[in-house]
1. Among the hydrophobic types (A, V, I, L, M, F, W, C), in contact with a strand residue (DSSP E or B) (Cβ under 7 Å, 6 or more places away or on another chain) and over 30 Å from residue 379 (Cβ atoms): is that true of residue 311 in this structure?
2. Looking only at region 434-450, count how many residues are under 18 Å from residue 421 (Cα atoms) and not in a strand (DSSP E or B).
3. Only one of 205, 218, 214 is surrounded by 22 or more Cβ atoms within 10 Å (Cβ to Cβ), within 17 Å of residue 306 (Cβ to Cβ) and in contact with a strand residue (DSSP E or B) (Cβ under 9 Å, 6 or more places away or on another chain); which?
4. What about residue 332, is it over 18 Å from residue 52 (Cα atoms), open to solvent by less than 40 Å² (accessible area, probe 1.4 Å) and in contact with a Lys or Arg (Cβ under 8 Å, 6 or more places away or on another chain)?
5. Looking only at region 138-190, how many residues end up being polar (S, T, N, Q), open to solvent by less than 50 Å² (accessible area, probe 1.4 Å) and within 21 Å of residue 222 (Cβ to Cβ)?
6. In this structure, is residue 340 of a type in the set (A, V, I, L, M), closer than 22 Å to residue 79 by Cα, open to solvent by 10 Å² or more (accessible area, probe 1.4 Å) and not in a helix (DSSP H, G or I)?
7. Which of (1) open to solvent by less than 50 Å² (accessible area, probe 1.4 Å); (2) at pLDDT 90 or above; (3) under 13 Å from residue 458 (Cβ atoms) is the odd one out, the single condition residue 370 does not satisfy?
8. Please go through region 380-400 and give me each residue that is open to solvent by 20 Å² or more (accessible area, probe 1.4 Å) and assigned to a strand (DSSP E or B), ordered by number.
Amino acid sequence: MSNPAVRTDRPTRARARRRLALVLVTTGALVAGGTIALAPSASAGTTLAAAAAERGRYFGTAVAANKLSDPVYVGILNREFDMVTPENEMKWDATEPSQNTFTFGNADRIVASAQANGQRVRGHALAWHSQQPGWVQNLSGSALRAAMVNHITRVASYYRGKIYAWDVVNEAFADGGSGARRDSNLQRTGNDWIEVAFRTARAADPGAKLCYNDYNTDGQNAKSNAVYAMVADFKARGVPIDCVGFQSHFNAQSPIPADYQANLQRFADLGVEVQITELDIEGSGTTQAENYARVVRACLAVARCTGITVWGIRDSDSWRAGGTPLLFDASGNKKPAYTATLNALNGGTTPPTTPPPTTTPPPGTGCSASATVNAWNGGFVATIRVTAGAAGTNGWTVGLTLQSGATLVNTWNASPSASSGAVQFRNVSYNGRLGAGQTTEFGFQANGSAGTLTPTCTAS
């Protein structure tokens with residue numbers, strides 16, 4: 001999380017966060033397993049989450065554990081959002097305050113609250129130059145590298161199967177026109193540290209999407225070009241990266257770039273998802289509302305823009321509260337920016353894009369399916385997108401044949417008929433009914449080789 005207009009205030013904000021008293025709140029038992037339900041909503045299109053889901057996106061927010069006892073805060077959280085990001089509770093200083101001593105209590109409360117309310121979780125962040133505990137700041141070289149690998153392994157393994165996407169590395173590139181890496185203690189362990197972090201995260205939590213996250217990369221500039229080059233290199237060499245996060249902190253000094261949508265699209269064209277991860281827009285009234293709508297429309301226009309997260313719920317919850325940058329005022333009332341955001345989600349139109357390749361549905365099947373695969377030595381994760389035909393679906397079944405030796409380890413958002421060979425994946429209770437042209441996704445992790453996955457879809 002960052003303030004792109006005044007970068008010098010980040011250390012102050014980080015110190016202020018560490019002074020927060022985290023209230024220990026019991027919010028419900030953790031849900032075991034990998035299947036996660038979509039967030040409930042009163043009716044389609046009447047909340048941010050429901051409206052985003054109609055467009056195949058999520059709409060999330062940053063959550064602080066010490067606010068889970070606030071009924072107004074929790075009421076808005078559970079009504080409006082279907083994705084949550086722990087604001088500070090999964091960072092290095094919070095999860096490993098002493099070397100090899102891990103504390104997950106406050107992060108667990110956020111995860112438990114999310115799972116109890118059918119929300120998914122973005123993990124933030126595994127490796128970052130800021131908000132490191134003192135013992136990390138005192139390390140360097142191979143000792144620091146080993147500590148980073150151990151930290152990522154322990155944290156990602158602990159939450160394995162419970163996280164939708166990890167911000168694996170946060171803010172590793174410098175501001176300005178150089179396009180260089182940020183000079184940090186992690187960078188000084190060797191230029192391959194980001195690659196090592198992503199490979200470590202994949203091994204620890206194979207089912208999660210792995211993201212690089214940064215600020216001031218919202219338009220094409222030296223910094224975003226450097227991130228783009230890194231992502232292109234990773235994709236070419238098989239380094240596991242699934243998504244790029246754009247923080248999108250905007251104000252009068254750092255407005256939405258004219259090429260915002262085009263920049264999202266060029267990253268998406270590399271074959272990664274793009275996610276707006278920390279959105280807040282300072283201002284008020286019509287101008288703020290129009291800016292929020294513009295960001296939403298940009299995401300809707302990019303097929304691989306999978307969701308939007310605002311960095312906080314009420315203006316008073318924001319790290320830049322003086323700029324009133326969020327969708328709800330301090331009392332929890334909806335602002336014009338909320339209405340504009342909801343309207344953009346409900347009324348925006350997506351221009352023609354190049355969709356992922358799909359199988360051609362045979363006559364009468366009423367749906368089609370496509371597969372994307374993230375593979376590593378000895379295993380893979382597959383994401384299957386189901387698209388309804390003109391008649392829609394009341395339910396669907398996707399069939400595919402796993403290569404000899406491949407065995408399912410975990411499945412989410414579908415029920416498999418077998419663990420190997422020819423497998424039928426059937427919808428679960430919340431994702432079987434699709435309108436014409438609507439999509440949903442399920443996924444699975446397997447041992448062995450993916451080979452070529454050719455899914456077929458039958459609607460009921």
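1. Working: among the hydrophobic types (A, V, I, L, M, F, W, C): yes; in contact with a strand residue (DSSP E or B) (Cβ under 7 Å, 6 or more places away or on another chain): yes; over 30 Å from residue 379 (Cβ atoms): yes.
Judged against the criteria, residue 311 is a match.
2. Here is the first cut: in region 434-450, the residues under 18 Å from residue 421 (Cα atoms) are 443-450.
Pick out the ones that are also not in a strand (DSSP E or B) and you get 448-450.
Qualifying residue count, region 434-450: 3.
3. Working: 205 fails: within 17 Å of residue 306 (Cβ to Cβ); 214 fails: within 17 Å of residue 306 (Cβ to Cβ).
The match here is 218.
4. Details: over 18 Å from residue 52 (Cα atoms): yes; open to solvent by less than 40 Å² (accessible area, probe 1.4 Å): yes; in contact with a Lys or Arg (Cβ under 8 Å, 6 or more places away or on another chain): yes.
For residue 332, the condition - over 18 Å from residue 52 (Cα atoms), open to solvent by less than 40 Å² (accessible area, probe 1.4 Å) and in contact with a Lys or Arg (Cβ under 8 Å, 6 or more places away or on another chain) - is met.
5. Qualifying residue count for the region: 3.
6. no
7. (3)
8. 383, 385, 387, 397
The values are calculated or read from the model by the stated rules, or taken from the named source; none is laboratory data. Everything numeric here is computed off the predicted structure, so don't read it as measured data. Neighbour counts are summed over all protein chains in view; Cβ atoms, including those assigned to glycine, are modelled from backbone coordinates with ideal geometry. Just so you know, the surface numbers come from the protein's heavy atoms only, side chains and all, with ligands and any DNA or RNA stripped out. Shrake-Rupley method; radii C 1.70, N 1.55, O 1.52, S 1.80 Å.
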